[in-house]
Amino acid sequence: MIALRYSEDRGVANHGWLNSRHTFSFGHYYDPKFMGVGSLRVINEDRVKPAAGFPTHGHQDMEIISYVLDGALEHKDSIGTGSVIRPGEVQRMTAGTGIRHSEYNHSPTDPVHFLQIWILPEKDGLEPSYEQKAFPSAEKRGALRLVGSRDGRDGSVTVHQDVNFYAGLFDGDEKASLPIGAGRVVWVQVARGSLDVAGEPMTAGDGAALRDLAEIAFENGRDAEVLVFDMALLGAPDGAA
């Protein structure tokens, strides 16, 4: 089965300097039917104005992933990490026992567009840590490139949870497929462009939960960039926890 979550149905938060769309309940936006899927709890699509950003704030017991689509995002945290995240790079921050960080648009002239993703860790009280890796477009072209996993295999960032996180680029005749294992649920998030997922047309901002299928086909892309999360099934596949 496939349960679609259309872009226009997401939560909205516009703070002037920040324009955000919430796939799942977050902050002041609450929908009991969309609290997350599996261990995936947050997908926020954020657009931040030049030189603006999130001042220093704290997190605990969460795996936080930043995926930049356009522009550059500057990160600083309380464990001494400082970096700039650009398109093609994936940053994983384990909040664990507690971490404080800030995120700012690195450019004084251009906006930054990125996805903020939160995943529940397999256990609380992990040591805070940070990892950032680049994944060339050629590795994602017409394929699902593993960019995050529990064991860090194939050069992916390590996520402290039973999740396989993929990124892919599809256009024209390019296609790929992903099997769904027993007891697994897959969340697909279209970051840009459009493509067919398991025969369903999806466009930028759309998401979908899928399970009880032998495999998922990704095809008929039009300048599409897609993120895919293959997870242990912890709850209902309609968006509920």
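The values are calculated or read from the model by the stated rules, or taken from the named source; none is laboratory data. Keep in mind it's a predicted model, so treat the numbers as computed, not measured. All Cβ positions, even for glycine, are placed from backbone atoms using ideal geometry, and neighbour counts span all protein chains on display.
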What do you reckon, is residue 95 crowded, with 20+ Cβ neighbours inside 10 Å and among the hydrophobic types (A, V, I, L, M, F, W, C)?
-> yes
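Conditions (1) modelled with pLDDT under 95; (2) under 19 Å from residue 43 (Cα atoms); (3) among the acidic types (Asp, Glu), marked per residue:
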{"residue": "116", "(1), (2), (3)": "no, yes, no"}
{"residue": "119", "(1), (2), (3)": "no, yes, no"}
{"residue": "155", "(1), (2), (3)": "no, no, no"}
{"residue": "158", "(1), (2), (3)": "no, yes, no"}
{"residue": "173", "(1), (2), (3)": "no, no, yes"}
Being outside any strand (DSSP E or B), touching a residue at least 60 places away in the same chain (Cβ under 8 Å), of a type outside the set (Ser, Thr, Tyr) and within 19 Å of residue 62 (Cα to Cα) is the filter here, so list the residues in the stretch 2-38 that pass it.
-> 24, 34, 35, 36, 38
How many of the residues in the stretch 195-214 are part of a strand (DSSP E or B) and either touching a helix residue (DSSP H, G or I) at 6+ places or on another chain (Cβ under 9 Å) or surrounded by 18 or more Cβ atoms within 10 Å (Cβ to Cβ) (or both)?
-> 8
So which of 191, 236, 217 ends up being at pLDDT below 95 and within 28 Å of residue 34 (Cα to Cα)?
-> 236
Sole miss for residue 173 among (1) in a loop (DSSP other than H, G, I, E, B); (2) at positive phi is condition (2)
Here the residues within the stretch 179-194 that are farther than 25 Å from residue 113 by Cα and either surrounded by fewer than 21 Cβ atoms within 10 Å (Cβ to Cβ) or free of Cβ contacts under 8 Å to residues at least 24 places away in the same chain (or both) are 179, 180, 181, 182, 183, 184
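Take the conditions at pLDDT below 90, over 22 Å from residue 148 (Cβ atoms) and over 17 Å from the mean Cα position of the chain (by Cα) and apply them to residue 16. Does it pass? Write out each step before concluding.
Details: at pLDDT below 90: no; over 22 Å from residue 148 (Cβ atoms): yes; over 17 Å from the mean Cα position of the chain (by Cα): yes.
For residue 16, the condition - at pLDDT below 90, over 22 Å from residue 148 (Cβ atoms) and over 17 Å from the mean Cα position of the chain (by Cα) - is not met.
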